[in-house]
1. Quickly run through region 297-345 and pick out the residues that are more than 20 Å from the chain's Cα centre (by Cα) and more than 17 Å from Leu69 (Cβ to Cβ).
2. Restricting attention to region 221-234, does a residue exist that is modelled with pLDDT of 95 or more and of a type in the set (Lys, Arg)?
3. Starting from residues that are under 24 Å from Ser314 (Cβ atoms) and more than 29 Å from the chain's Cα centre (by Cα), keep the ones in region 63-83 and report whichever is surrounded by the most Cβ atoms within 10 Å (Cβ to Cβ).
4. Which of the numbered conditions does Ala264 fail, given that it passes all the others? Conditions: (1) modelled with pLDDT under 95; (2) part of a loop (DSSP other than H, G, I, E, B).
5. If you check Ala279 against the conditions, is it without any contact (Cβ under 8 Å) to a residue 12 or more places away in the chain, surrounded by fewer than 23 Cβ atoms within 10 Å (Cβ to Cβ) and farther than 22 Å from Thr347 by Cα?
6. Going residue by residue through region 108-117, is there one that turns out to be modelled with pLDDT of 95 or more, closer than 20 Å to Glu43 by Cβ and assigned to a strand (DSSP E or B)?
7. Condition first: at positive phi, of a type outside the set (Phe, Trp, Tyr), modelled with pLDDT of 95 or more and assigned to a strand (DSSP E or B). Can you find one or more residues in region 352-370 that meet it?
8. Which pairs have Cβ atoms under 6 Å, sit 6 or more apart or on different chains, and link a residue in region 284-313 that is part of a loop (DSSP other than H, G, I, E, B) to one that is crowded, with 19+ Cβ neighbours inside 10 Å and of a type in the set (Phe, Trp, Tyr)?
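The values are calculated or read from the model by the stated rules, or taken from the named source; none is laboratory data. This is a predicted model, so every value here is computed, not measured. Positions of Cβ are backbone-derived with ideal geometry, glycine not excepted, and every protein chain shown enters the neighbour counts.
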Amino acid sequence: MNRRQFLAKTSSVGALAGLPGLWQRAAAAAGPGRDDRVLVVVELTGGNDGLNTVIPYRDDLYHKARPTLRIEPDKVLKLDDHLGLHPAMKDLHKLWDAGKLRTVMNVGYPKPNRSHFRSMEIWQSGGLEPTPTAGWLGRAADSRTGGVPPCFVGQGAAPLAVQGRSVAPFAVADLDSLRLRQGARLGDNASIRGDDTDDPTRRVARAMAAARFISAKAASAHRDVAVSEPGGLEARLATIAGLIAAGVGSRVYYASLDGFDTHAGQQYAHQELLRQLSAALARFQAGLAERSLEDRVALVVFSEFGRRVEENGSHGTDHGAAAPVLVLGSSVTPGLAGGVPDLKNTTEGDVAFTVDFRDLYASLLAGWLNLDPSSVLPGRTHAPTALFRS
C-alpha cells in the first residue's frame, strides 16, 4: 500500500479522532492532492575529499599535487572529458548513466572556515552568522502551516540542520525504535491547546504529539529487503524509505555517514567510504522505484568542506574549502554544474568556490519543496540553479 492509499483509508473522522488537534490538521494537510515531495539530506561528516570523489582527471596539477593519492585517468568513471567519479562509485555512476544524478562542483562560501564545528554550523544553519539557534531545514518546517516535523535517522540527538524555532524534529535509530511498547502513551489531547509557537511548553507538547502520531504510522513501516551493512548508511536510508512508504508524512529526512576526516592513510579508507556511499545511494533509489516513490523523493549529499589540493606527508589530505554536492532523483536535471575545479587559482591552497551553498539551498527549497527561499534564507529570493526538471 502506498502513502496515498494509506491516507485515503485513514482520512475518516474515526481514524483521526484519537489524535491531538494539531495532528488531526497535520494529517488532513498531508492528504491526497497535496504536494508531498520529500527531501532527503545525507551529510558526509569530517570533510569529504571532493577532488578524489569527482576527479579532474585531465588536470596535470591534480596529478602533481597527489603523487600517492591520485586516481589515474584510465581508472576514473568518466562523467565528461574533464571530470569523473572515483572507481569505487560504480553504483553511483550507473545512476549518472540513467540520468538521475546532478553534480554541482565547487560549492562553498566566502572566507571558508576549516574548523569542523564552525563549518558544519555554517552549512547546517544556512548562514554565516555566529551562534545560530535554528537550522535551515528546521526554519523551512517553521515556515509551513501544520505537517509532520523533520526526521533525523541515526544515533544521538538531531543535528542543528533540522532544529526549528517552533518545530522540534524527531530522531530515530531505526524502525523498531519508533514503535511504541504496548500500553505506552505519549501525551494526550489536553496536553496541546492552541498554536502559540513561542510557548516552550506547547513546543514540547507538539513534539510529544508528533511522536504519538509518527509511532502509529511507523507500525506499518518495514524494510522490503535485508540490508548488507546493518547500522550503516544503507540501513538508515532503508529506514527512511520505510517511513516514507508508510505515510509518516515528514517532508525532510536527514542522515549521515562518518569517517571522512582523512588526514593520514587516506587511499583505502576513502575508497571504502565512497563504496559504501555509492552502494547505499543506489539501493535507496532502487527501493524507491520498487515502491513507486522515486518521483516524490530527491536526495542531496554534502560535506562541511573539501580537502586541500596537495596531499600531506602522511598520505592524507588536510581541511580544505569548496567541494562537490550531489543531487539525486528521477526528477533532477542531470549533468554537471559549477565548472571544473581551478587548481591554478586556489584560495590558500584550497579549491575556490564558484557556487554559494546558500544558493544551492534556495534552489532546493524553491525547486523541490515549493517554499519561498527568503522565508528561510535571508536575501535569497529565487532559485539560481536549475536542479530539477520543470
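1. Step one: of region 297-345, the residues more than 20 Å from the chain's Cα centre (by Cα) are 307-320, 339-345.
Within region 297-345, Gly339, Val340, Asp342, Lys344, Asn345 qualify.
2. If we filter region 221-234 for residues that are modelled with pLDDT of 95 or more, which is where we start, we get 233-234.
Filter once more, keeping what is of a type in the set (Lys, Arg): none.
Among the residues of region 221-234, not one is modelled with pLDDT of 95 or more and of a type in the set (Lys, Arg), which makes the answer no.
3. Ranking the qualifying residues of region 63-83, first place goes to Arg66.
4. Looking at each condition in turn, Ala264 falls short on (1).
5. Values: without any contact (Cβ under 8 Å) to a residue 12 or more places away in the chain: no; surrounded by fewer than 23 Cβ atoms within 10 Å (Cβ to Cβ): yes; farther than 22 Å from Thr347 by Cα: yes.
No.
6. yes
7. Initial filter on region 352-370 (at positive phi): 370.
Cutting the leftovers down to of a type outside the set (Phe, Trp, Tyr) gives us 370.
Of the ones still in play, those that are also modelled with pLDDT of 95 or more are none.
Within region 352-370, not a single residue is at positive phi, of a type outside the set (Phe, Trp, Tyr), modelled with pLDDT of 95 or more and assigned to a strand (DSSP E or B).
8. Matching pairs, first to second residue: Glu304/Trp123.
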